[in-house]
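I have placed the structure first, in the form of structure tokens, so that the comments after it can refer back to it.
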Amino acid sequence: MTVYASQSTGTDDDSMTARKSAINAGMSDTLNDRIKERLELIKRSASNVSKAATGNEDAIRRIYRGHMPSGERMEMIARELGTTVAWLLGKDDQPAKPEPSLPQPYNFPTSSEVERAIPEMAIFDKLKLGKDVPVLGTAMGSDMHFDEDGLSKIVEMTEIDENDVIDYVRRPAGVAGRKDIYAIYHTGISMQPRFFPGWLSFVETRREPSIGDAVIVQVARPEGEEGDGRIYSVLVKTLLKRTKEYIELEQYNPPIVFRLPAKSVHRMHRIMENNDLYGL
């Protein structure tokens, strides 16, 4: 069944949102507190552990700000802290014992040092396949609510900060030399099984999305609202239909098909498929 955009303001919606916010806040507080506990125990700074674990000294600072890292990054941070992801998230009361003597932070080699050690790496530069695609910071956003058959359903939203480049990844052969590409790590569970939390996707801004494509829809801010810099609330969904009046989108978990007025769409970018990335 197709439902139309309408903001729900009922008591049930408010309580549902409050419960979800409380759960997310509780998990975030637990994660932050336990990271600080491990840092104090091993006598290291947040930037030191972040740099050693991920190569980015701001990784833990981003967690403190509410940005959940990918599963792979969380595992690297937990390992560097001498514990487990389960303990950091409050799912286990027994932290793993740290190694008797933790290794010193690893000094990552420069690109020229890597090329001297592995000459084949220079081929990437010749093919314009550099590690230069920016990964934009993402975080869970406020949910939208739609009514379907008298029941309120949640449409999950994400925030993307265009000023917050958290990493750079190597570009696949199919997008060599292109400047209209960026990447994101997925958050939330609303698009499972198409995308899972922590998965990396490449996004293109030049090509118009087609019906059936996965898209990132930047939701226009209400008239008169300036917003916070270049942070946008977005919908990561599947495009089902597009007219001058509206776009129709699909979410998988919980399942819902809904329409968004065209005037509410600021921009829409296409999430690339594997065939695009490999030039097939």
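General remarks:
- Largest accessible area first, the residues Val203, Val265 order themselves as Val265, Val203 under a 1.4 Å probe with ligands, DNA and RNA left out.
- FRET efficiency, Leu89 to Tyr252 (Cβ-Cβ, R0 35 Å, nearest 0.05): 0.90
- Solvent exposure of the stretch 32-89, expressed per residue, is 47 Å² of accessible area, with all protein chains present and a 1.4 angstrom probe.
- Set of the stretch 157-177 residues, backbone N closer than 14 Å to the point 7 Å along the Cα-Cβ line of Arg206: 174-177
- The stretch 41-90 shape via C-alpha gyration tensor axes, a/c threshold 1.5: rounded
- Total formal charge among the other residues, if their Cβ is under 12 angstrom from that of Asn32, Lys/Arg +1 and Asp/Glu -1: +3
- Once the Cα-Cα distance is subtracted from the 0.36 nm per residue extended length, the Lys43 to Arg178 segment shows a gain of 44.2 nm.
- Placing pseudo-labels 7 Å out from each Cα toward the beta carbon at Asp132 and Asn32 gives an inter-label distance of 3.8 nm.
- Segment Lys263-Leu280, length gained on full extension (0.36 nm per residue, minus Cα span): 2.6 nm
- Ordering of 174-180, 234-240, 271-277 by packing [mean C-beta count within 10 Å, highest first]: 234-240, 271-277, 174-180
- Set Lys153/Lys241; Lys131/Lys263; Lys36/Lys153; Lys36/Lys179; Lys153/Lys244; Lys51/Lys263 screened for pairs whose C-alpha atoms are more than 32 Å apart: Lys131/Lys263; Lys36/Lys153; Lys36/Lys179; Lys51/Lys263
The values are calculated or read from the model by the stated rules, or taken from the named source; none is laboratory data. If you're wondering where the values come from, they're calculated on a predicted model, not measured in any experiment. Cβ sites come from the backbone with ideal geometry, for glycine too, and all protein chains shown count toward neighbours. Accessible surface areas use protein heavy atoms only, side chains included; no ligands, DNA or RNA. Shrake-Rupley method; radii C 1.70, N 1.55, O 1.52, S 1.80 Å.
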